[in-house]
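Read through the structure below, which is laid out as structure tokens, and then see the notes.
The values are calculated or read from the model by the stated rules, or taken from the named source; none is laboratory data. Keep in mind the model is a prediction, meaning the values are calculated, not measured. In this analysis, Cβ positions are derived from the backbone assuming ideal geometry, glycine residues included, and neighbour counts consider all displayed protein chains.
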Amino acid sequence: MENEQNLTKEASELLDLTHNNKRGLVAMVAPSFIVDFDYPEIVRMLKKLGFRYVVEVARGAEITNAQLLALTKLHPDRKYITNPCPTIVRLIRNKYPQLLEYLAPIDSPMSATAKIVDKEWPGLKKVFIGPCLMKKFEANEDRKELDILAITFRDLQQVFDIKEIKPSRLLRRKLLAMTSKKYEFDIIGGHTRLYPISGGLAQSSGITKKLTDVEYDVISGPNNANKALSEFLNNKDLKLLDILNCDGGCINGPGMNSKASLDERRKRVIDFYEKKQ
Ligand code: SF4
């Protein structure tokens, strides 16, 4: 049984918000959620916890894609490195500062979603829930003005445990998924549900159809990332590096609860993506 003393700082902050927040809470759920939770069960559980709205970060990722496409159209001869991974952003800042100018100056899915939420429901408190520890730094250091509390799926599970919020039984869960719209996301994503898989950005943005094979590269994992960044400037053909620090993408992030294999995680994301198209 989870104990309040064992909570991470962010889980504890979320627990406080569920008790004391007068502004109303909006959950922004990263697309890898489907590895750790069921849908629409996750929405039911978050609303039971006290969230007024629950939205998919996959919607913000559509804006990230649109901004990237606009940039590459405006500057067809420039080279870009994608920026949704805060670990890669920090690696570039600290180890490859000569590459800073190539980081695409666009919103990450988290910041784009936060802006959508602010427009839709001004003044509500935004909580980003995802697989990534470093998103806490992105929220607190890079996007402070957006006032986001970033937590992991593991933090969320701690809070569910404290509040004794559990998934429904399988039969009720299936029935809910088939019959009820009550627990659908309040803002829904689309093909960007592929984002947490390595290469999901390149594929969902359609940039793979606009560039030739030698003009873009998809990289994941710390060793591959370091190699790709150190060779980036020497690769004259390369125009876009779609890069994530975790091996296989965000489905393998350190803030997940799942013990499933990478293949099983990938399958859950793809199944969810295909179901909702
Ligand atoms: S790849 Fe890993 S470190 Fe990068 S955003 Fe995804 S979960 Fe975070």
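For the reader, a short list of remarks on this structure follows.
- Residue check: Lys182 meets all listed conditions (1) at pLDDT below 95; (2) out of contact with any helix residue (DSSP H, G or I) (no Cβ under 9 Å at 6 or more places or on another chain) but one, namely (2).
- Answer from Leu201, Leu238 - the residue that is aliphatic (A, V, I, L, M) and part of a helix (DSSP H, G or I): Leu201
- Extreme residue, nearest to the chain's Cα centre (by Cα), among residues of the range 62-88 that are hydroxyl-bearing (Ser, Thr, Tyr) and surrounded by fewer than 23 Cβ atoms within 10 Å (Cβ to Cβ): Thr87
- Taking the range 192-219 as the range and being closer than 23 Å to Arg59 by Cβ, free of Cβ contacts under 8 Å to residues at least 40 places away in the same chain and either within 16 Å of the ligand (Cβ to nearest atom) or crowded, with 24+ Cβ neighbours inside 10 Å (or both) as the test, the residues that pass are Gln203, Val218.
- Scanning the range 209-230 for residues that are of a type in the set (D, E, K, R) and part of a helix (DSSP H, G or I) returns Lys209, Lys210, Asp213, Glu215, Lys227.
- Scanning the range 228-267 for residues that are charged (D, E, K, R) and surrounded by fewer than 19 Cβ atoms within 10 Å (Cβ to Cβ) yields Glu231, Lys236, Asp237, Asp247, Lys259, Asp263, Glu264, Lys267.
- In the set (1) touching a residue at least 12 places away in the same chain (Cβ under 8 Å); (2) farther than 30 Å from Lys236 by Cβ; (3) part of a helix (DSSP H, G or I), the condition left unmet by Asp16 is number (1).
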